[in-house]
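Asker: Sending over a structure as structure tokens; questions will come in a sec.
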Amino acid sequence: LSDRADFRIYAFAPASPHPTRRGTLMTAMIHSSSPLRRLVVALGLALVPLVPGRSAAQGAGITVVGTGPSNTITDVPGIKVGHYTRFGDGYRTGTTVILTEKGATGGYSQQGGAPGSKETDELKPGGLQTGVHAVVLSGGSAYGLDAASGVMRWLEERGFGYPVAGGVVPIVPAAILMDLGRGGRFNARPDADFGYQAANAASTAPVPTGRVGAGMGAGWGLGSASVKLSNGYTVGAIVGLNPGGSPVDPKSCLPYGNFLEIGKEFNLTAPSEAECSAAAAPRRTALAYSGYDAFNTTIALVATDAPLDEVEAERMAMISNSGLARSIRPVHNLGDGDLVFSLATTPATHSLTNADLSAIYNAAADALGRAVVHAILESKQVGTSRVNYCDQYPSACKLRNTKPVAR
Amino acid sequence: MRRLVEVLALLCVAARPLAAQQGRFGLTAVDGLKVGQVTLSERPTGCTVILAEAGAVAGVDVRGGAPGTRETDLLDPVNMVQKVHAIVLAGGSAYGLAAAQGTMQYLEEHGIGFDVGVGVVPIVPAAILFDLTVGGKPGIRPTADCGYQAAARATTGPVAEGSVGAGAGATVGKMGGPTHAMRGGVGTASITMPNGIVVAALVAVNAVGDVIDPATGRVVAGVRTDDGRFADARTLLRGGAFAPARPPAAGVQNTTIGVVATNAKLDKAQATKVAQMAHDGYARAISPVHTPNDGDTVFSLATGTSDVPVDVGIIGALAAEAMADAIVRAVRQATGLPGIPAVRDLPATPAR
């Protein structure tokens, strides 16, 4: 009896508001062992082709529908992004703000060896649930944490934040990457005004990528990506790409993360041997695991409109670090402060199944890996920065859309 | 049992004169540290900066449920940077984290920081406490200027205690809401061992709970009844005064933040252990403590100026002792504000 009760819970538990809960049902059925269950599984499988809107019936049943409309993190409902970028007069740096001014559920996972962060303890599960009103990704090393003060000011002026007697306290976690001096002047770096301006620029429009915001001074710029899942949820990622390692495979000269491609979002072909071998020498050095310097750190954020609680948000951030592991080698080095934030823009309802959660987490990891590739492809050469990937390997990019990449 | 308590109390008292003989008591009894405080008396609030200009190995332990912190991930022992150059404690809730920016500026101007070849990046972890509702002017809070001025004023001299610096706007005993609270503040204490090892604490006490004297178990400062006596939060809790439908009225206006320091040589993992054990000082001197509405955080610093071999467990145990001592000193030296009395404002009733 308890066996059947268990089955009923799986099969008939109230579904979350999103329409396609059937993957969950399928999972329950596939894991069944009793004859009755197997019968229902068979029936369920037989019915699958009749279920409208279902693209595939494999594994957990939750599949990728495609990228979101802009293939950037603002495809996630509730997410706004703004950049403030400064170039010239000794500057080549910037700040990116992910704005959830009405409050989102946040988490983080910090795996690099040299982090610079702010308000991350507040994200750990178990404490007061304040919501997260913005997240700051910035250049400027530890000095750049000041950008978060400007975002707090912007939010306070508009009455956004955790309400307290007499006002609000905006909760604005932040992480920085090391780009000091890349514009020529060591003290030309983001301050509170950078954060304020970035918050002011925030919108739900497709996220400008490449040499903008936190990507301006980063080794490989800034990238973003999104994915729509068959369970109705959208997942997105944004990354300021400044690793000690490399996101390009020295053997093929293709990005490590190329295999994560959805559709033809990258549209790369293997570069010619001539182009690849010409660039080989410096890349071999990079692979020798000896390229330590302090000028690193990849900072990222993944987001979803699924109703995650703070524990689930933390797990999404944790698993998303695998997206960096798949697209960057070596990764999480001592000189990298790699840190991934996560945000869920819908209040937790505890209606998600483990199948939903697994799908969302892995989609986030893959979206982050894809965002890394977008950073590589969309970052033009600016000042002393690295040459754009497609300029270095024209044969790899011959099929890419000729429309300008900068949006 | 009473005899044991007396002996322990005597030992605690006996430890003090050693430091006093050297004319040094409190956090600055630890070689290599300076303390500077700025009080913004117009509200009041303020900030307290602990400078370790030569760098000190550091750790942190965050136990409360509503922390506001900066650069604490860096202190994880698995991470690369080993030493910090300052710790900033500030009022002003999350806004007050800006004070650390001013301390960074001061340190950079003096060439102090993690050397990145083309310049320095000062490592300045920070924690804040919530005091915005005290004083009626929530717009006044520590800014970068507070952190800069406090760093500039930092000395190896005695540390001012009571309603100063990060503790200027602090309150305790808020289980009955702000109207029944008392004043918290800054306290410091140190223990100097015969072998020259010093273990010290500095704390800004702003707990939702009551402050308890560990030597007597009695309330020193805490939630008051309508007629001004100690209600004793422990009695209220056990008596069922609070329920999910009627939680303590304290909101988020809490958080006790502190630093323990030693002149011993510790590595980052050991420093982390010391920070963890120092929370036992919170547990002995504050009740209830580490609630979801407290952001209770303890940093630890090891300046390593002494070569005396140490046992990290002993340093941690002494850190807890010094911390409990500092907490009690903080409220005893606080000064009252309109509607929020301090211990010194209460009639002297030995029965307490």
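Asker: Post the alpha-carbon centroid distance, segment B:93-121 to segment A:84-147, in whole angstrom.
Answerer: One Cα centre to the other: 17 Å.
Asker: Let me ask something else about it. Give, as a single signed number, the net charge of other residues whose beta carbon lies under 11 Å from the beta carbon of residue A:379, with Lys and Arg counted +1 and Asp and Glu -1.
Answerer: +1
Asker: Rounding to the nearest 10 and keeping the result within 0 to 90°, find how far the Cα-based axis of helix B:99-109 lies from the longest principal axis of chain B.
Answerer: Approximately 20 degrees, to the nearest ten.
Asker: Measuring from centroid to centroid over Cα atoms, what is the spacing of segment B:249-313 and segment B:48-85 in Å?
Answerer: 11
Asker: Next question. Taking beta carbons within 10 Å but only from partner chains, what does the mean come to for residues B:57-69?
Answerer: Taking the mean over all residues of the peptide, I get 4.
Asker: List B:290, A:350, B:85 from most exposed to least, where exposure is judged by having the fewest other Cβ atoms within 10 Å.
Answerer: A:350, B:290, B:85
Asker: Per-residue Cβ counts within 10 Å, from other chains only, averaged over B:88-98: what number is that? Display every interim value, and only then the final one.
Answerer: Working: counts 0, 0, 0, 0, 1, 8, 14, 8, 0, 9, 8.
The per-residue average across the peptide is 4.
Asker: Pop out the ³J(HN,Hα) list for segment B:267-277 in order, Karplus 6.51 cos²θ - 1.76 cosθ + 1.60 with θ = phi - 60°, rounded to Hz; leave Gly and Pro as x.
Answerer: 8, 4, 5, 5, 4, 4, 4, 5, 4, 5, 5
Asker: On a 0 to 90 degree scale, rounded to 10, what angle separates helix B:2-21 from the longest Cα axis of chain B?
Answerer: Taking the Cα atoms of chain B, the angle to B:2-21 is about 40 degrees.
Asker: May I ask which of B:83/B:137; A:102/A:124; B:34/B:273; A:102/A:228 have a Cα-Cα span longer than 25 Å here?
Answerer: B:83/B:137
Asker: Any idea what log10 I(q)/I(0) is at q = 0.15 Å⁻¹ for segment B:193-352, Debye with uniform C-alpha scatterers and no solvent?
Answerer: Rounded to two decimals, the profile gives -0.82.
Asker: Per residue, what volume in Å³ does the Cα convex hull of chain B take up?
Answerer: For chain B, the hull spanned by Cα atoms encloses 132 Å³ per residue.
Asker: Using the 10 angstrom Cβ neighbour count as an exposure proxy, how do A:305, A:191 rank, fewest first?
Answerer: Going from sparsest to densest Cβ surroundings: A:191, A:305.
Asker: To the nearest 20 Debye, how big is the dipole of segment B:194-337 about its Cα centre, given +1 on the beta carbon of each Lys and Arg and -1 on that of each Asp and Glu? Don't skip to the end; give the middle numbers.
Answerer: Numbers: 12 positive and 13 negative charges, 46 e Å.
Roughly 220 debye, rounded to the nearest 20.
Asker: Further question: Net charge around residue B:234, counting only other residues with Cβ within less than 12 Å of its Cβ (Lys, Arg = +1; Asp, Glu = -1)?
Answerer: Result for the neighbourhood of residue B:234: 0.
Asker: Quick check: net charge around residue A:323, other residues with Cβ under 10 Å of its Cβ, Lys/Arg +1 and Asp/Glu -1?
Answerer: +1
Asker: Can you list residues whose amide H is under 5 Å from residue B:218's amide H, if they're 5+ apart or on another chain and H is modeled 1.01 Å from N?
Answerer: Residues meeting the criterion, in which the H sits 1.01 Å from N, are B:213.
Asker: Here is a follow-up. Roughly how many Å is it from the Cα centre of segment B:179-211 to that of segment A:165-237, as a whole number?
Answerer: One Cα centre to the other: 40 Å.
Asker: Here's something else I'd like to know. For the pair residue B:78 and residue A:165, how long in nm is the line joining their label points, each one 7 Å along Cα→Cβ?
Answerer: Going from the residue B:78 label point to the residue A:165 one covers 4.2 nm.
Asker: Compare the peptides A:231-240, B:325-334 by average per-residue count of other Cβ atoms within 10 angstrom and give them in order, highest first.
Answerer: A:231-240, B:325-334
Asker: Quickly rank A:208-214, A:63-69, A:162-168 as a protection proxy: mean count of other C-beta atoms within 10 Å, highest first.
Answerer: A:208-214, A:63-69, A:162-168
Asker: Next question. Just to check, using Stokes-Einstein with a Kirkwood Rh over alpha carbon pairs, what's the diffusion coefficient of segment A:294-396 at 10 °C and 1.306 mPa s in µm²/s?
Answerer: 105
Asker: I would also like to ask the following. Please list 3J(HN,Hα) in residue order for segment B:137-152, calculated via the Karplus relation 6.51 cos²θ - 1.76 cosθ + 1.60 where θ = phi - 60°; whole Hz, with x for glycine and proline.
Answerer: The phi angles translate into 10, x, x, 8, 8, x, 10, 4, 4, 4, x, 5, 5, 5, 5, 5 Hz.
Asker: Additional query: Which whole number gives the average, over all residues in A:153-165, of C-beta atoms from other chains lying within 10 Å of the residue C-beta?
Answerer: Numbers: counts 2, 0, 0, 2, 0, 0, 0, 0, 3, 4, 2, 8, 7.
Per residue, the average neighbour count from other chains is 2.
Asker: Moving on. Per-residue HN-Hα couplings for segment A:119-132, Karplus 6.51 cos²θ - 1.76 cosθ + 1.60 at θ = phi - 60°, whole Hz, x for Gly and Pro?
Answerer: With the stated coefficients, segment A:119-132 comes to 6, 7, 4, 4, 7, 5, x, x, x, 4, 8, 9, x, 10 Hz.
Read-outs throughout are calculated quantities, based only on the coordinates presented, and are distinct from any laboratory measurement. Keep in mind the model is a prediction, meaning the values are calculated, not measured. Counting neighbours? That spans all protein chains shown, and the Cβs are built from the backbone with ideal geometry, glycine included.
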